[in-house]
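First the structure, in the form of structure tokens, and then the observations on it.
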Amino acid sequence: MLVDPANLTAADHFDAAREMAAANRPFLAHLLAEEAARLTTDPATAAGIRAAFPDPNLTRTETD
């Protein structure tokens, strides 16, 4: 079944972010969480979503 992306809610994006995090796909999880936060009307909730899925490019550590 195809779904129009315009009909997806913040909860849909947040659920998908959790699924991507569980599948070890942190960048996709971050992108989906950003969209969930953008669709959320409460600033505190949006901040919590962003904090739960930080940008993996900013949190990774380089190794030799």
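The values are calculated or read from the model by the stated rules, or taken from the named source; none is laboratory data. Since this is a predicted model, take the numbers as computed values, not measurements. Methodologically, a virtual Cβ is constructed for each residue, glycine included, from the backbone with ideal geometry; neighbour enumeration extends over all protein chains shown. The area values use the complete protein model at the heavy-atom level, side chains included, leaving out ligands, DNA and RNA. Shrake-Rupley method; radii C 1.70, N 1.55, O 1.52, S 1.80 Å.
Rounded to the nearest 10 degrees, the inclination of helix 43-52 to the longest alpha-carbon principal axis of the chain is 40 degrees. Distant-in-sequence amide contacts of Asp55, defined by a placed amide H-H separation under 5 Å and a gap of 5 or more residues or a different chain, comprise nothing. Per residue, the chain exposes 75 Å² of accessible surface when a 1.4 Å probe is rolled over the protein heavy atoms with every protein chain present. Using only Cα coordinates, the Kirkwood hydrodynamic radius of the chain works out to 12.3 Å.
The angle between the Cα long axis of helix 26-39 and the longest principal axis of the Cα atoms of the chain comes to about 40 degrees, rounded to the nearest 10. Peptides 38-44, 3-9, ordered by how many other C-beta atoms sit within 10 Å of their residues on average, highest first, read 38-44, 3-9.
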